[in-house]
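Right, I'll just put the structure down here and ask away after.
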Amino acid sequence: MKIRPDQLGAQLKRQLSSIYIISGDEPLQVSECCDLIRQQARKQGFTERHVYHVDNSFDWGDFLATANSLSLFAEKQILELRMPNGKPGDSGRKALQEYLKHLSPDNLLLIITDRLDNASQKAKWFKALDQEGLFIPIWPIEHDKLPGWIARRLKSQGFEASQDALSLLCERIEGNLLAASQEIEKLKLLANDKTIDVETVREAVSDSARYDVFQLADAALNGDQKSVVRVLGGLRSEGIEPPIVLWALAREVRLLSHLSRLKSRGVPPDAAYDQAAKTHGMSPFMLKKRKSLLEKCMNRHSESAFRKMLVHAGHIDKGVKGLEKLNSWDELLTLSLSLAGMPAPAHL
């Protein structure tokens, strides 16, 4: 039977199933669902845990031997199959079907896989397991659902956040739920009276090296060439890797190129920002708050100039990966200053 991740807690309180299949590519949600199952199982006496990593050389006979035998003290056991590709192979299919013939109340089977495709879900082995247990497919949180997810997570811990604070946090974490979870812990320490506002979010992220790259991007958009040189030098001295800096700059250039193209086609400003936000997975609210900064940069550059910057960013990416011979930091400085309004070198 299929259930949603947010239904798991209530289901576990009612009854512990003998089989759980957790399938998905979002590591935080997968990990938290597995933790809930293990915690409830331990409360019900499942004190042993056997973890199996399924690959081409995996011995399914070992798994079945453990499943069919109890320890000296007859403890209940969790059998955890980590099967990344969701394909048990011929031996695995037979072993799982054999396991189902001898289900024991002293065993709990937990299968963890990447996202299972439709073909896998229609396979005989999967249908047999699904009939006896619970299937929990996990999907990434969509961008427009992320503020609600964070708000509910905060509320469950006795905190609340303003809409501006949620929007800013979503913009910063870029859909990474692990990053969101870490930031929430920092915000809880800084919150006044269990309330998180936009200034609390700014304070929480200001000392994080990952977010300093946003200062570089803002300085470049603002045309502040002195700040560009200072911030980029600071990032380098702090040990920030070039790919992180390139990610922030390329993100802005792609956005500006898109907005500039929409503008040249006569798309109304609000509609252009809404369309760009959707395309680039950004919050329309936060994007429009940066409108004056973005417009200032677009007034300095043509659409073709942004395209040339994207080509330059591509060369830097190849250099970072060792595919082209160049000094990544020198090229990042050139790209940043170009965005800030300094004429690009002739070879670009």
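Rounded to the nearest 5, what % of DSSP beta bridges with both residues in the chain are antiparallel? Can you show the working numbers first?
Details: 1 of 26 bridges.
Just about 5 percent of them are antiparallel.
While we're looking at this one, here's another question. Could you state the accessible area per residue of region 1-112 in Å², with a 1.4 Å probe and every protein chain left in place? Mind showing how you got there, number by number?
On the way: 5980 Å² over 112 residues.
Accessible area per residue: 53 Å².
Hey, rough spin-label estimate for residue 224 and residue 188, points 7 angstrom out along Cα→Cβ, what's it come to in nanometres?
Computed distance between label sites residue 224 and residue 188 equals 3.4 nm.
Suppose the chain between residue 315 and residue 104 were pulled fully straight at 0.36 nm per residue; how much longer would it get relative to their current alpha carbon spacing? Intermediate values should be presented prior to the final figure.
On the way: separation 211, 0.36 × 211 = 75.96 nm, distance 5.91 nm.
The residue 315-residue 104 span can extend by a further 70.1 nm.
Within region 283-348, how many Lys pairs sit with Cα atoms under 22 Å apart, leaving out pairs fewer than 8 places apart on the same chain? Show your work: numbers first, answer last.
Numbers: 288/296; 296/308; 308/318; 308/321; 308/325.
Lysine pairs meeting both conditions in region 283-348 amount to 5.
Treat each spin label as a single point 7 Å out from the Cα along the C-beta direction, and report the residue 139 to residue 53 distance in nm.
3.1
Once amide H atoms are built 1.01 Å from N in the peptide plane, which residues 5 or more positions from residue 196, or in another chain, come under 5 Å H to H?
Under 5 Å from the amide H of residue 196 lie the amide H atoms of 160, 161, 162, each far enough along the sequence or on another chain.
Return the calculated 222 nm mean residue ellipticity for the chain, to the nearest 500 deg cm²/dmol, obtained by summing -39500 (n - 2.57) across DSSP H runs with n ≥ 4 and dividing by the residue count. Intermediate values should be presented prior to the final figure.
Numbers: 18 runs with 210 residues, N = 348.
Rounded to the nearest 500, it is -18500 deg cm²/dmol.
Right, next: At a Förster distance of 35 Å, what's the computed FRET efficiency of residue 300 paired with residue 195, Cβ-Cβ distance as r, to 0.05? Walk me through the numbers before you get to the answer.
Working: r = 40 Å, r/R0 = 1.13.
FRET efficiency, residue 300 to residue 195: 0.30.
Can I ask one more? Which of the trypsin sites (Lys or Arg not before Pro) found in region 99-162 are in a DSSP loop and have at most 13 neighbouring Cβ atoms, other than their own, within 10 Å? Could the numbers behind the result be given before it?
On the way: sites: 101, 115, 122, 124, 127, 145, 152, 153, 155; in loops: 115, 122.
Answer by residue number: 122.
Once fully extended, how much extra length lies between residue 157 and residue 278, figured as 0.36 nm per residue of separation less the alpha-carbon to alpha-carbon distance?
Values: separation 121, 0.36 × 121 = 43.56 nm, distance 3.05 nm.
Stretched fully, the residue 157-residue 278 segment lengthens by 40.5 nm.
Then there's this: Considering only protein heavy atoms and a probe of 1.4 Å, how much of the accessible area of the chain is carbon and sulfur, as a whole percent?
Working: 9200 of 18140 Å².
Ligands and nucleic acids excluded, carbon and sulfur reach 51 percent.
A further question follows. Once the Cβ-Cβ distance between residue 179 and residue 288 is put in as r, and R0 is 25 Å, what FRET efficiency do you end up with, to the nearest 0.05? Write down the numbers at each step before the final one.
Details: r = 24 Å, r/R0 = 0.94.
Efficiency for this residue pair is about 0.60.
Residue-wise, which Karplus ³J(HN,Hα) couplings in Hz belong to region 43-58, taking 6.51 cos²θ - 1.76 cosθ + 1.60, θ = phi - 60°, and x for glycine or proline?
4, 9, x, 7, 8, 9, 9, 10, 10, 10, 9, 7, 9, 5, 9, 5
I've got another one for you. For region 302-308, take each phi angle, set θ = phi - 60°, evaluate the Karplus expression 6.51 cos²θ - 1.76 cosθ + 1.60, and give the result in whole Hz per residue in order, putting x for glycine and proline.
8, 4, 5, 5, 5, 5, 5
Another one. Given the protein chains as shown and a 1.4 Å probe, how many square angstrom of residue 247 are accessible, to the nearest 10?
In the full protein context, residue 247 sits at about 80 Å².
The values are calculated or read from the model by the stated rules, or taken from the named source; none is laboratory data. Only a predicted model underlies this, so the values are computations on that prediction, with no experimental measurement involved. Note that each Cβ is placed from the backbone with ideal geometry, even for glycine, and that neighbours are counted across all protein chains shown. For the accessible areas, the whole protein counts, side chains as well, though only heavy atoms, and no ligand, DNA or RNA atoms are used. Shrake-Rupley method; radii C 1.70, N 1.55, O 1.52, S 1.80 Å.
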